[in-house]
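The structure appears below as structure tokens.
The values are calculated or read from the model by the stated rules, or taken from the named source; none is laboratory data. Keep in mind it's a predicted model, so treat the numbers as computed, not measured. FYI the Cβ positions are ideal-geometry reconstructions off the backbone, even for glycines, and counts take in every protein chain you see.
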Amino acid sequence: MRAKNTSGGLVYSTEGGRMCPLCGQPLAQCSCRQQAAARVLGDGRVRVSRETQGRGGKAVTVVRGLPLDATALTQLGKQLKAACGSGGTAKDGVIEVQGDHVDKVLGLLQAQGYQAKRAGG
């Protein structure tokens, strides 16, 4: 038995189980997620800024444009958070460090060879 979704793509097959909507392969054989994780997300222009919008007035240091894949971005995020002594996250090509640590993060990135610059006010 095969079921199709409304856009015409195969969603389930009794032979292979759930199917990937992107490549049409069974999920066990799909390589779409691995390819997406290995993709470099940044544009190479490293920008460090301080944002408070949408965070209840609390400051967050945001790093955008790093030319790294997801695993390297997570590792760099851990290093920056440890150096600043605060929490944060690294996802979707952006590193967020809780608190106003723009100068410290800029110095750390420049010491690692990135051409980072301050963005915003």
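Within the option set GLY77, GLY88, GLY93, GLY99, being in contact with an Asp or Glu (Cβ under 6 Å, 6 or more places away or on another chain), closer than 19 Å to GLU51 by Cα and not basic (Lys, Arg) holds for one residue only, GLY88. Filtering region 51-64 to residues that are in contact with a strand residue (DSSP E or B) (Cβ under 6 Å, 6 or more places away or on another chain) and either in contact (Cβ under 8 Å) with a residue 60 or more places away in the chain or surrounded by fewer than 10 Cβ atoms within 10 Å (Cβ to Cβ) (or both) leaves only GLU51. When ALA72, ALA37, ALA90 are screened for being touching a helix residue (DSSP H, G or I) at 6+ places or on another chain (Cβ under 9 Å), modelled with pLDDT under 95 and part of a helix (DSSP H, G or I), only ALA37 passes.
Among the conditions (1) assigned to a loop (DSSP other than H, G, I, E, B); (2) without any contact (Cβ under 8 Å) to a residue 12 or more places away in the chain; (3) under 19 Å from the mean Cα position of the chain (by Cα), the only one that ALA82 does not satisfy is (1). Restricted to region 47-69, and to residues there that are over 14 Å from the mean Cα position of the chain (by Cα) and assigned to a strand (DSSP E or B), the residue that is farthest from ALA111 (Cα to Cα) is GLU51.
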